[in-house]
Structures are given as C-alpha cells and as structure tokens.
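Notes to accompany the following structure.
FYI, it's all coordinate maths here, none of it is from the lab. Keep in mind that this is a model prediction, so the values were computed, not measured. Backbone-built Cβ (ideal geometry, glycine too); neighbour counts: all protein chains shown.
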Amino acid sequence: MTSAVRVSCGLYKMVLLTYPRDFRLRFGSEMATTFSDQICAEWKHNGLPGVARVWRSAVGEVLSVAVPLRLRSPIVIATSLSLLLSTALFMTVFHAMTHVCNGEQFTDSAGARRFPNLTRCDGLSARDDMR
Amino acid sequence: MPTAANRVPDDMQHLLPLTPAVFFILFALADGEKHGYAIMQSVSRISDNQFRMGPGTLYTTIQRLLDLDLIEETESAGGQSDHENRRRYYKLTRTGKTILAADISRMESVVRLAREKKLVPKTSE
C-alpha cells in the first residue's frame, strides 16, 4: 500500500468522526474498509485524479449524509434550537440598543438642525447648540 | 391476476417507487450476497457508471434497508486477513425481493405506456 493510500485511509477515519456515534459503531469499520478498497482501486487504475474523485465524494457525503444524520439527534436539535434562539434574542436586543443610541444621536445632531426648538433634558434648546 | 405491486405489504407501499440508491442496492443483491465494496462496484457497473455512491450513502441506505427487513446480514465467514474479517455480507430478504419485483414491474408498465405513446423506440425482441 502506498503512502498516499495509507494517509487517505488514516484521514478518512477522522472524517468518520463527523458521523453519529451509534452509526459509526455499527458501520465505521466497514466504511473504512470499503473506502480503503475504493482508494486502492482508484490509485491502481486512475492514479491521483481517481483518489481525488473518491475524496470529493467522501467530503460531499459529510455534508449530504453525516450532517443530516447528526441533525436527527434530539440533543443536536435542542442545542441548535437554543443556539438559534439565543442568537435571535441577542440580535433583537442589539438592534434595539442600536436604535436607542441612534435616536440620541439624532436629537443631538441632525435633530438639532431639523427641530431647532426642541428642548433637551439639560434645559438648553437645540438652537442654543447651533449658536 | 395479482401483480407484483399487489403482493407488497401495505406498510411497504409507501416505499414505491424506490429511490435510486435503494433500487440499485437491492438490484445489486438480486444475484446473491455481497459485501459493501462489491455492492458499490456492482451498482457502478449496472448503472453504467451513471450512479456512484460513497461509503456514507451506501451504509446509511444499508442501515435503512436492514431496519425495514428488506436485506439481512449473512453468516458468511470472512477471509483470513483482518481486512476480510471486517467485511459483512448482505443478502435480499423475501420482502426485499418482492419490493424489487414490484418496482421493476412498475417500470415495465411505464416503459409499455411510453412505447404505446411512441416516446421510446420499440426494440426488436
């Protein structure tokens, strides 16, 4: 077995970590064996382009197979939902705070020009600022 | 006369038509038990290299087919090497054969209709 094939097989064992634990325990060693057979055959018949094609497919399967399998787990669903909700809450608070800050700036600068008679909390009118 | 589709259990009817991955795996196993890599090679050959699947797609589909009792693991002993020992062999169950026959029968009907509508050329039989 050449070093390229050996490295590929070692790397694929790491790729297998993206699959759920139960699935990996049941089919992990078979998947590694099948991948090794595939890589050996491609290396023998098509060389590096063949190995690259197998890898492209394996990486594609992480997105099309491993991630959806992971997303089926209730723990992952709960974690993803809580992360999404926290992010949404943070964005809402951040958005609201930004608006409040912009509102203050509005009365201080642009507001001063547009509403010169507006009386501020410090007792001075915006017109006083413009003088 | 009962058609192949009629013999499919009611709780399996929703599987028809079969997805390409399920169809090709069942089709590959139709001529006897095979291990994962042999299934992959067979699928590649019977689909004329049009349908290729990696280990991820293959084994998630195998898991589904095992859960549905369409295929089963066989007791075949592996070879001498550790590599061979890690292989598991799969074969069609009776339900698996029925489902495959039903899907092929469905395809036949489609092809017959297509011929009647002159959508595909008639082959000399």
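Working from Cα positions, state the angle (0 to 90°, nearest 10) between the long axis of helix B:94-116 and the longest principal axis of chain B.
Its long axis makes an angle of about 30 degrees.
Roughly how many Å is it from the Cα centre of the stretch B:32-108 to that of the stretch A:1-63, as a whole number?
Centre-to-centre (Cα) distance: 19 Å.
Give the average, rounded to an integer, of partner chain Cβ atoms located within 10 angstrom of each Cβ in B:56-67.
Mean inter-chain Cβ contacts per residue within 10 Å come to 5.
Let me see the P(r) profile for the stretch A:1-72: every Cα-Cα distance counted, bins of 10 Å, each bin given as a percent of all pairs.
Percent of pairs per bin, in order: 20, 52, 24, 4.
Taking loop as defined by DSSP and a crowding limit of 11 other beta carbons within 10 Å, which GluC sites (Glu not before Pro) in the stretch B:6-96 fit?
For GluC sites (Glu not before Pro) across the stretch B:6-96 that sit outside H, G, I, E and B with at most 11 neighbouring Cβ atoms in 10 Å, the list reads B:GLU75.
Which lysines, if any, have their Cα less than 20 Å from the Cα of B:LYS34, not counting same-chain residues under 8 positions apart?
B:LYS91, B:LYS97
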